[in-house]
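K.L.:
I'd like to ask you about the structure that follows.
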Amino acid sequence: MEIVPSSVPLDLDTIRSGIRELEEIQNCNDDIVSQMHPSDSDQLLKDCALQLESKVQQIMSECSDFSFLGIEALDAFVEHLKEELNAAEAESAKISSEIEVLTRNHEEDSTQLESDIELLKYTLGLISSQDALRGKEINSTNATGECELQVLKLDNQIEESQVMLKSLQDLDSIFKRIDAAEQIEDTLSGLKVIDFDGICIQLSLRTYLPKLEDLLCQQKIENAAEPSEVNHELLIEVVNGTMELKNAEIFPNDVYISDIIDAAKSFRQLFSRSAMETRSSLGWFVGKVQDRIIQCTLRGLLVKHANKSRHSFEYLDRDEIVVAHLVGGVDAFIKLCQGWPISRSPLKLLSLKSSDLHSKEISLSFLCKVEEVVNSLDVNVQLNLLSFVDAIEELLVEQMRVELHSDSTSKV
């Protein structure tokens with residue numbers, strides 16, 4: 001018998017209870033049948049016959065005197081009795097036939113019921129075994145699913161760990177690059193924070209100088225010990241809670257930085273619309289201070305070397321002016337253009353002034369004429385401090401000769 005799956009779940013306990021009830025009914029019927037004797041049907045017929053015979057005898061006893069009956073009446077009576085007997089026999093045969101049919105049907109039904117019960121038992125056992133197998137498969141499937149889920153979770157954890165490891169490796173690489181960059185920056189810029197209390201920053205500033213032979217001012221310094229670096233300390237006061245410059249001092253105080261401080265304070269207004277707006281005023285300030293240190297140091301070195309000549313020089317850092325004290329009591333005030341001596345910026349004569357009583361006899365118009373001629377000199381002459389001062393002196397002497405010659409001619 002093929003078990004057809006159903007969408008409706010089977011109640012196996014109800015089926016087992018129904019089978020037990022069928023078995024009890026079958027056993028009860030079997031007991032009834034077993035209690036019947038095989039000749040009970042014949043006995044039933046005999047009982048019927050005896051009852052009929054008893055009835056006939058009763059009739060005959062009640063009507064024992066047949067003498068008054070005629071032959072014809074007696075024959076009719078006998079015929080009537082035969083008919084009664086035939087009817088009784090027919091009824092007995094019918095009952096016997098019905099008993100046989102009922103017995104046969106009972107046997108067939110009992111056999112069919114027994115077969116059906118056995119089939120139900122077999123089917124029930126098959127269903128039970130299939131359920132047990134299905135339960136094992138479900139358990140196995142569940143176990144497999146749990147294992148697969150666990151494996152999936154482990155795979156996800158491995159992937160997350162790998163991503164985290166990669167991130168940590170990237171961060172480590174970034175930190176290494178930052179450390180290397182800071183080391184390089186410290187090496188190149190020489191900038192180091194000594195102390196910071198939230199308000200004041202103390203910086204150690206090492207400024208590297210370019211070689212004098214690479215300068216574009218064309219002023220050569222021979223047999224001079226060229227320093228490669230200069231050291232300063234910056235004490236920077238910042239606005240509380242920010243990195244915006246409030247004030248600053250430099251030690252040693254050999255570089256003028258007040259103008260840079262003022263510019264840094266207004267940094268946001270100066271650069272609010274430029275590409276530098278993302279930079280901090282503090283960084284801009286330190287960079288400008290280093291530029292100023294380089295510029296002032298080189299200018300001081302060149303002026304110091306120029307003092308070894310027959311002229312004497314004085315450098316005014318704040319005004320960016322070199323005063324050349326010339327022979328004859330004349331002082332030349334020379335303006336140093338922005339970037340000199342690093343860039344190719346020409347010098348400019350601001351004024352000539354008499355410095356002693358004898359030179360005061362020189363007229364102002366005379367000095368103005370010399371200034372005009374000096375500032376029209378070739379650019380290459382204006383780049384070199386010594387050459388420029390020599391040219392100024394030469395023009396003074398030449399112009400003085402012209403003046404003397406003019407005076408002598410007018411007297412004649």
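The values are calculated or read from the model by the stated rules, or taken from the named source; none is laboratory data. Keep in mind that what you see is a predicted model, and the values were worked out from it rather than measured. For neighbour counting, all protein chains shown are included, and Cβ atoms are generated from backbone atoms with ideal geometry for every residue, glycine included.
K.L.:
Write out, first by first residue and then by second, each pair whose Cβ atoms fall under 7 Å of each other, whose residues are 6+ apart or on separate chains, and whose first residue, in the stretch 79-98, is in contact (Cβ under 8 Å) with a residue 40 or more places away in the chain while the second is of a type in the set (S, T, N, Q) and part of a helix (DSSP H, G or I).
P.N.:
Taking only residues 6 or more apart or on different chains, the pairs are Ser96/Ser41.
K.L.:
Determine if the stretch 356-373 includes at least one residue that is out of contact with any strand residue (DSSP E or B) (no Cβ under 6 Å at 6 or more places or on another chain), at pLDDT 85 or above and either closer than 17 Å to Ser312 by Cα or buried (at least 18 other Cβ atoms within 10 Å of the Cβ) (or both).
P.N.:
no
K.L.:
Of all residues being modelled with pLDDT of 80 or more and in a loop (DSSP other than H, G, I, E, B) in the stretch 255-293, which is surrounded by the fewest Cβ atoms within 10 Å (Cβ to Cβ)? Just the residue, please.
P.N.:
Among those residues, the one meeting the criterion is Tyr256.
K.L.:
Next question, about the same structure. Filter the stretch 228-252 for residues that are touching a Lys or Arg at 6+ places or on another chain (Cβ under 7 Å) and not in a loop (DSSP other than H, G, I, E, B); which is nearest to Lys192 (Cα to Cα)?
P.N.:
That would be Asn231.
K.L.:
Looking at (1) surrounded by 11 or more Cβ atoms within 10 Å (Cβ to Cβ); (2) assigned to a helix (DSSP H, G or I); (3) at pLDDT 80 or above; (4) among the hydroxyl-bearing types (Ser, Thr, Tyr), find the lone condition where Ser204 falls short.
P.N.:
(2)
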